[in-house]
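**Student:** Input: one structure, supplied below.
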Amino acid sequence: MASTIALRRVALNASRSSRSFHASTRSFIKVGDKLPNLDVLVENSPGNKVNLSEAIKGKALIIGVPAAFSPSCSNSHIPGYINHKNLKSAGDVFVVAVNDPFVTKAWADALDPTGSSGIRFLGDPTAKFTEALDLAFDGAAIFGGPRSKRYALEIEDGKVKALHVEPDNTGLDVSAAEKVLG
């Protein structure tokens, strides 16, 4: 009996697909795809919804991060964009984190107190936007739930022009400001 139960558990666990913290399948979003038409992102408060498919006109950059206030995001990734000489040539710039709007507002105030960079910090509290891009991973071991892969999407006229997704989900290489903005 015990061996039957053990075999069932092994079989059930083998059939479940999950993405581990440092490995996941390639993203489904690709060059030429339109942004998802969703009213799930929030800016500064829960009532201030932002739909990027409607908000972006022309050129834009969407930077996805695993977590606001995490060391790489706060010390390197986003400051790299804030301080980059070519930031203004990227068009409208948005940072999206799977966090609530109060956290992303506090993070924006900490990183760019005067707002002079023009970067808008958006929360994706339910991870629905991130999941629609297929850029979510299971971050439960570190972050307590689903999180965003680290990425940068170059957008032009509502479509993805280029994407820079970290292959290990959280590293900081292909999505760094100096690689994306030149």
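**Student:** For the stretch 153-170, which residues satisfy the criterion of being closer than 19 Å to K57 by Cβ and crowded, with 20+ Cβ neighbours inside 10 Å?
**Tutor:** Correct list: L153, I155.
**Student:** Looking at the stretch 87-121, which of the residues that are without any contact (Cβ under 8 Å) to a residue 40 or more places away in the chain and of a type in the set (D, E, K, R) is most open to solvent (accessible area, probe 1.4 Å)?
**Tutor:** Residue satisfying both the conditions and the ranking: K88.
**Student:** Still on this structure, I have one more. I need the full set of residues from the stretch 34-65 which are in a loop (DSSP other than H, G, I, E, B) and open to solvent by 40 Å² or more (accessible area, probe 1.4 Å), in order please.
**Tutor:** Correct list: N37, L38, D39, N44, S45, P46, G47, N48, K57.
**Student:** Hey, another quick one. I need the full set of residues from the stretch 133-152 which are under 18 Å from D33 (Cα atoms) and surrounded by fewer than 20 Cβ atoms within 10 Å (Cβ to Cβ), in order please.
**Tutor:** Selection gives D134 alone.
**Student:** OK, next. Just name the residue that is modelled with the lowest pLDDT out of those in the stretch 66-86 that are outside any loop (DSSP other than H, G, I, E, B) and open to solvent by less than 10 Å² (accessible area, probe 1.4 Å).
**Tutor:** C73
**Student:** Here is a further query. Could you look through the stretch 135-158, keep only residues that are more than 9 Å from the chain's Cα centre (by Cα) and at pLDDT 95 or above, and pick out the one that is farthest from C73 (Cα to Cα)?
**Tutor:** That would be E156.
**Student:** Looking at (1) under 11 Å from the mean Cα position of the chain (by Cα); (2) exposed (fewer than 15 other Cβ atoms within 10 Å of the Cβ), find the lone condition where T130 falls short.
**Tutor:** Here T130 meets the rest and fails (2).
The values are calculated or read from the model by the stated rules, or taken from the named source; none is laboratory data. Please read all numbers here as calculations on a predicted model, not as lab measurements. Cβ sites come from the backbone with ideal geometry, for glycine too, and all protein chains shown count toward neighbours. SASA here: full protein model, heavy atoms, side chains in, ligands and nucleic acids out. Shrake-Rupley method; radii C 1.70, N 1.55, O 1.52, S 1.80 Å.
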